[in-house]
Each structure stands twice: as C-alpha cells, then as structure tokens.
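In what follows, a single structure is set out as structure tokens and then discussed.
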Amino acid sequence: MAGEASYKKKGKLSRQESNKSSKDPEIEVDKFAVGGSNNQNKSRSGSRVYKIVVLGDGGVGKSAITLQFVSHSFLAYHDPTIEDSYQQQAVIDGVPALLDILDTAGQVEFTAMRDQYMRCGEGFVICYSVTDRHSFQEASEYRKLIQKVRASEDTPIVLIGNKFDLHLQRKVTTEEGQFLAQQFNCPFYETSACLRSYVDDAFHSLVRQIRKKEESSGLYSNERKLRRHSKWWRLRSIFALVFKRKRPTNSSS
C-alpha cells in the first residue's frame, strides 16, 4: 500500500525505565505540566509535543512498530506485560515535532487505566495483525472505546495492519483493512515492523491529522488543552512507577 511521503529526522530515544541520566526530554516537559505553563505541550527544544497512544490486541506487534519508529531496530523478544512510553523527534512536512508515544499492553489484566490514556491522548494508532483475524475484529472494539470516552470529539486515528510480510500466514485481506478504515474515516497502512515498511508513514500521518484538527478553529479552549496536557504527564509518571521493570538485554534482529 502506498505510503505518504515525509522527511524523518532521527532524534533522541527516551524510555521510562532507562538507566540513563534523569535529565531526559520527558522529565523536562513534565516540569512544564506541573507548573501549569502554556508551554507545557512544548519540549525543551521548543518542538510541539504530540501525545500518541498505540492500541491493539497482545501479539499484534505494537511494541515492535513503536521501537522501529523510535530506534530503527526490530526486537525478536519484547515483554508483553509492560506498558511503556517513548519519545522521538521528527521533522514532518518541514516542521519539527516530538512524538510522545504510549505503547499499551493488550492483555485484559492491564486495562485499568485505559480510559485515562484514551482521554489524554491526542491521536491513536489502532493496530491489528494481518495473520490474526481476531485482532482485526478487536480493532473495531478499540474504536468503540475511543468513541465512548471521546464521544463529542473527532479524534485522529490511524489504522495499521501489521505483519504484511508474513504472506503465507495472512488471514485478513488488504481490502478488508481498507474497508474498515473507511468505516473509521481514517488513514490505513499495512506495515511490517520486521522490514520497517510504512512505519514512519503511519506515525507521520497521525501527526498531520492532529495538526489539521488544531488548525480548525474553536475545537478546544486553552484551559481544556492545559488540563489534558497536565493529565497526560501525570499518567506517564504513574506508568513509570507501576510498570518499571528490567528487560532482557539479549535480542535479535
């Protein structure tokens, strides 16, 4: 499937459970949230921060897609029980952006805070695997959850059918994915986290949707924006504490 042309600039990778210095971009932004400044949706470098949530069943490749986008690497193993967050700088249509991405756990036992991050996120990636029909059916359920929490809003969404490189295991056709995206009224991409195909395109497309929504006047008051930004950073801090866990160091590409 044809992707959208965009220029990608590799930036800093930031993980909540990183052992690096605490002076990372996400902590600097969090200070803005605590202070209640109008600049709390800006990074330390001044780039606009886009709060993105990746949704989908367990095993569809949400973490693999996210890690490919932020670090250009494919991990054969990823702990499926941890909700994690990442930051990645990019230049999209000539404008700098800092994507703050929450990679959510697909297992039922990790859904307690789902409503919270659905309220705080600005855009959503709904992911299914083309090798798993059940995950495709569940994509509609995630869309319903977003609509339930954000009933009065036209929320930016991108639909992803991952693992299109596994041709012999395909259970969902491209046409089915396109039809579902038409129902969602959102862009659709078939991606391969392993081959890094159309991964950037999907995230960049979502940022474009968020920008387009912002350009439409009267969608949000400044006060409502500030409340949502503040909730987002508090939520990320909770994830950092609750889901902090060491990961295996061995991986293969």
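Bear in mind that the values in this text are calculations on the coordinates, not laboratory data. If you're wondering where the values come from, they're calculated on a predicted model, not measured in any experiment. Note: ideal-geometry Cβ built from the backbone for every residue, glycine included; neighbour counts use all protein chains shown.
Going through the cross-link list 171/213; 62/171; 51/212, which pairs have a Cα-Cα distance over 23 Å in this structure? Walk me through the intermediate numbers first.
Values: 171/213 34 Å; 62/171 18 Å; 51/212 15 Å.
Result: 171/213 exceed 23 Å.
Approximating the spin labels as points 7 Å out from Cα along Cα→Cβ, the residue 71-to-residue 183 distance works out to 3.6 nm.
At 0.36 nm per residue, and after removing the present C-alpha to C-alpha distance, how many nm does the segment from residue 166 to residue 115 gain when stretched out fully? Intermediate values should be presented prior to the final figure.
Numbers: separation 51, 0.36 × 51 = 18.36 nm, distance 3.28 nm.
Result: 15.1 nm gained on full extension.
Loop-located GluC sites (Glu not before Pro) in the stretch 133-165 (DSSP state not H, G, I, E or B) with no more than 16 neighbouring Cβ atoms inside 10 Å: 153.
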